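The values are calculated or read from the model by the stated rules, or taken from the named source; none is laboratory data. Note that the structure is predicted; figures quoted are calculated from it, not measured. Don't worry about glycine lacking a Cβ; one is built from the backbone with ideal geometry, like all the others, and counts go over all protein chains shown.
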Amino acid sequence: MNKPFPTSSRRTELTNDFSWSSSRHRLFNDCQRRYYYNHYGSWGGWDKHADKQAQLLYRLKKMTNLPMLIGSLVHQTINQVLLNLRKGQPVPVSTAIENTIRDFRRCLAESERGDWRERPSKSTNLFEHYYGETPSPLDLTRIEDRLIGLLDAFYSSPILNQLRSLPSYGWVTQEALDSFTLDGQKVWVSLDLAVMEKGVMYIYDWKTGMEHRADKVQLAVYALFATKRLHASLPDLTLRDFYLDSGNVVSVEMDSETVDETISLIQSSIELMLEKLDDVNTNSASQERFPLTDRTAICRQCSYKSVCFPAETNEMVSKPPQQLTLSF
Ligand code: SF4
């Protein structure tokens, strides 16, 4: 049932509350300054009356890059394909590819026009355009070929066959941003798909990048969520990363030892993050307590590099986005 509209016209004030997630953990480990910009410096920067630095950091936080854009477009398409499947309206692979390529071109055009200057949270701002690394028409053709390959891999997988024969009660949750509580702290998860079949819960994560050690941690966090919020039991839980580039499906079965290790990892990660705060009660932080990383490879790909290294990046950023002659 839909919730009734609030009777008061007063909007609830947003507060920057502390929480944990696998991606926040990775960010903290990669570069603490970047973590600070993402979770503290950019806070409130969506407001045109906020100070200029917060507005700039917010725009940079919302920036994406081509690999991330490929990932989010593929996730979006798979989600729509599965929603339609559940309604008994299967989407042909040609339609899924056509829609994804259309969305990719729309995002590119948005980024080239610089729509994000006015609407940073709604319009695509590509790192490659912003930092003068404009992709060539050949690069764009290769990306489109890759999008086609990733969706072909999904369509030809046994996973889709399994889902086609799933009864409606077998679908547990899909593309859901959800949370559980650990020691009083909120832990966020974003599950691509969870289904039940013959008493086993399968949790799927679609991957458009290379296999990475951190992927297993992410699955272990999903296992915790499933036991706490979806009433799953560990012996009846199978977690699967589907690497669409290679077609590899990596299945992970969780035992209580791995789950305990994951709980310890989250607890110590939260402790390190909280130690950095000026005041834990108000979740307030000061930039100087979050050092810049010395790993230059991370900086080269970081959207905040114009803030950390203005002398090196000023010239690139001040150029207007280059208009491309696209090969389509
Ligand atoms: S440019 Fe480097 S130091 Fe600065 S936030 Fe990014 S990763 Fe950290």
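In table form, for the structure just shown:
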{"read-out": "Residue count for region 26-66, restricted to those that are within 12 Å of the ligand (Cβ to nearest atom) and hydroxyl-bearing (Ser, Thr, Tyr)", "value": "4"}
{"read-out": "Count of region 188-209 residues which are hydrophobic (A, V, I, L, M, F, W, C) and more than 15 Å from the chain's Cα centre (by Cα)", "value": "6"}
{"read-out": "Number of the exception - residue 23 against (1) surrounded by 14 or more Cβ atoms within 10 Å (Cβ to Cβ); (2) within 16 Å of the ligand (Cβ to nearest atom)", "value": "(1)"}
{"read-out": "Every pair of residues 6+ apart whose Cβ atoms lie under 7 Å, when the first sits in region 178-196 and is more than 18 Å from residue 271 (Cβ to Cβ) while the second is surrounded by fewer than 19 Cβ atoms within 10 Å (Cβ to Cβ) and of a type in the set (Val, Ile, Thr)", "value": "191/173; 194/172; 194/173; 195/172; 196/172"}
{"read-out": "Entirely in region 258-328, the helices (runs of 4 or more DSSP H) that have 2 or more residues that are within 11 Å of the ligand (Cβ to nearest atom) and modelled with pLDDT of 95 or more", "value": "296-300, 305-308"}
{"read-out": "Residue match in region 194-208 (condition: assigned to a loop (DSSP other than H, G, I, E, B), among the basic types (Lys, Arg) and at pLDDT below 95)", "value": "yes"}
{"read-out": "Single unsatisfied condition, residue 241 versus (1) loosely packed, with under 15 Cβ neighbours inside 10 Å; (2) under 22 Å from residue 213 (Cα atoms); (3) not small (Gly, Ala, Ser)", "value": "(1)"}
{"read-out": "Pairs where the first residue, in region 266-291, is in contact (Cβ under 8 Å) with a residue 40 or more places away in the chain and the second is among the β-branched types (Val, Ile, Thr) and not in a helix (DSSP H, G or I), C-beta under 6 Å, 6+ apart", "value": "274/280"}
{"read-out": "Near pairs, Cβ below 6 angstrom, 6+ apart or cross-chain, from region 136-148 (within 19 Å of residue 95 (Cβ to Cβ)) to any residue that is part of a helix (DSSP H, G or I)", "value": "144/101; 147/100; 148/97"}
{"read-out": "Qualifying residue in region 248-256 (condition: touching a Phe, Trp or Tyr at 6+ places or on another chain (Cβ under 6 Å) and not in a strand (DSSP E or B))", "value": "no"}
